[in-house]
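Below: one structure, written as structure tokens.
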Amino acid sequence: MRRPGQFKMVLLGESAVGKSSLALRFAKGQYQEHAESTIGAAFLTHTLQIDQDTSLKVELWDTAGQERYHSLAPMYYRGAQAALVVYDITNGESLRRAKQWVKELQQVNANDMVIGLAGNKADLATGNRRQVDSNEVREYAEQNDLIFMETSAKRGDNVTEIFMSVAKVVASKQ
Ligand code: GDP
């Protein structure tokens, strides 16, 4: 059963897109250039002040992106009220993988999960490294009812914002 005032959120996406970095930036305001990769799943919590009267504790599950752990994923997203699916704007393949995650979540979406989509590493958009067009993803996100932002865990851009946007929708449903 879910209790008011907190919710479970799972991070999904290909390996190395920056899931752990987003979690660390969100929960601790930090960034590490050479973070160790997640094995299985890691757990972090952070409380968000939604408005004057409402705070929500986010229980964030950071899952390993490797295919070999895919069969474990349902264990983490089952019972989650929200998911943040992450891709890397410099890696077109990671968007394809993100779309598969979205499809999988929507197919099993028993509890009306709120889904965010983060195009991470937006700081690398300059200098010809961008492979993913943000307008195309925005259109895809609108069609699929996803909260979409481009983020940078490195610079901190849009990190609190995307978690906050997802949390506000979760709060409105509780
Ligand atoms: P995960 O496997 O999806 O959890 O990815 P990590 O958080 O371990 O990040 C993979 C690599 O990408 C690390 O070297 C990070 O420092 C780097 N990284 C993560 N987020 C960003 C970002 O916003 N910008 C840049 N330039 N690099 C990032």
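The values are calculated or read from the model by the stated rules, or taken from the named source; none is laboratory data. Everything numeric here is computed off the predicted structure, so don't read it as measured data. All Cβ positions, even for glycine, are placed from backbone atoms using ideal geometry, and neighbour counts span all protein chains on display.
Worth a mention:
- Tally, over segment 7-22, of residues that are part of a loop (DSSP other than H, G, I, E, B) and either of a type in the set (Ser, Thr, Tyr) or without any contact (Cβ under 8 Å) to a residue 24 or more places away in the chain (or both): 1
- The residue of segment 80-103 that is farthest from Arg155 (Cα to Cα), among those that are surrounded by fewer than 21 Cβ atoms within 10 Å (Cβ to Cβ) and touching a helix residue (DSSP H, G or I) at 6+ places or on another chain (Cβ under 8 Å), is Lys99.
Here's the yes/no breakdown for (1) crowded, with 19+ Cβ neighbours inside 10 Å; (2) within 16 Å of the ligand (Cβ to nearest atom); (3) within 18 Å of Glu161 (Cα to Cα); (4) aliphatic (A, V, I, L, M):
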site	(1), (2), (3), (4)
Ser55	no, no, yes, no
Glu59	no, no, yes, no
Thr63	yes, yes, no, no
Ile115	yes, no, yes, yes
Lys121	yes, yes, yes, no
Ala125	no, yes, no, yes
Asn144	no, no, no, no
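- Filtered residue count, segment 109-147, keeping only those that are touching a residue at least 40 places away in the same chain (Cβ under 8 Å), in contact with a Gly (Cβ under 9 Å, 6 or more places away or on another chain) and either under 26 Å from Gly79 (Cβ atoms) or of a type in the set (A, V, I, L, M, F, W, C) (or both): 5
- When Ile162 is tested against (1) within 11 Å of the chain's Cα centre (by Cα); (2) without any contact (Cβ under 8 Å) to a residue 60 or more places away in the chain, exactly one condition is not met: (2).
- Considering (1) modelled with pLDDT under 95; (2) under 19 Å from Trp61 (Cβ atoms); (3) β-branched (Val, Ile, Thr), the lone condition that Thr126 does not fulfil carries the number (2).
- Taking the criterion of being among the β-branched types (Val, Ile, Thr) and touching an Asp or Glu at 6+ places or on another chain (Cβ under 9 Å), the residues of segment 115-151 that qualify are Ile115, Val132, Val137, Thr151.
- Selection from segment 103-153 of residues that are under 16 Å from the mean Cα position of the chain (by Cα), in a loop (DSSP other than H, G, I, E, B) and small (Gly, Ala, Ser): Ala153
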